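Structure first, then comments.
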Amino acid sequence: MAVRAAVGVVLVVSLLAGMGCTRRFNHRLPGYQPGSAERIRPCPWSGIYKIRWTGDGEHFARIGGSERLVLEGEALGFATRENGRIVAIAGQERFELTDLPPHATLCYWYARGKEQTEFSRTMELAAQAAAVATAGMGLEMLGTAIESELGWDDDDDADRRKRKRHRERHRGSDVKPPPYPHSPATGIE
């Protein structure tokens, strides 16, 4: 019965841990205008960053193949070469943006994703603790079953059986034990 309850707790906690416990984020670095001075900043958060651009300031498009894994603190930015081509900077890597159209007026690095909330982390720890407790109870039951199957019992059941037989034997009899020698029933003082 206790194992069923523990398994139920593990299931409920696991379900709660996975429901709505993430937060979406969208990290966008300041934009770069083609032709302006080199702009390099340390990456504020580790993640997979992509480059987007716009020509009119309203509609943004992504540059295919620009995805880079950048760790927090690594360089992230843009520069313009003497020939007018834009160079993207991601960590130690520098690469030319060949797919950037000539009418692009702004480009920037951005990252999207999900991150675990504090509630989710707490529920995950609770689920792990419940799983460990359930496993412990299961191991205890398995050990007890193996002991009884192999006959490794400590033989305290025999003592209990003897006491039970003794109580049952004396419970139904009409014979009463003799009175205590110095009780009023014997008349001895």
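A few comments on the model shown:
- Among the residues making up the stretch 85-123, those that are aliphatic (A, V, I, L, M) and free of Cβ contacts under 8 Å to residues at least 40 places away in the same chain are 87, 88.
- Among the candidates 185, 158, the residue that is in a helix (DSSP H, G or I) and either out of contact with any Lys or Arg (no Cβ under 7 Å at 6 or more places or on another chain) or at pLDDT below 70 (or both) is uniquely 158.
- Set 80, 98: member being in contact with a Gly (Cβ under 6 Å, 6 or more places away or on another chain), among the polar types (S, T, N, Q) and modelled with pLDDT of 80 or more: 80
- Of residues in the stretch 98-141 being more than 30 Å from residue 59 (Cα to Cα) and touching a Ser or Thr at 6+ places or on another chain (Cβ under 8 Å), the one surrounded by the most Cβ atoms within 10 Å (Cβ to Cβ): 127
The values are calculated or read from the model by the stated rules, or taken from the named source; none is laboratory data. Just so it is clear, the model here is predicted, and its values are computed rather than measured. Every residue, glycine among them, receives a Cβ derived from its backbone with ideal geometry; neighbour counts consider all protein chains shown.
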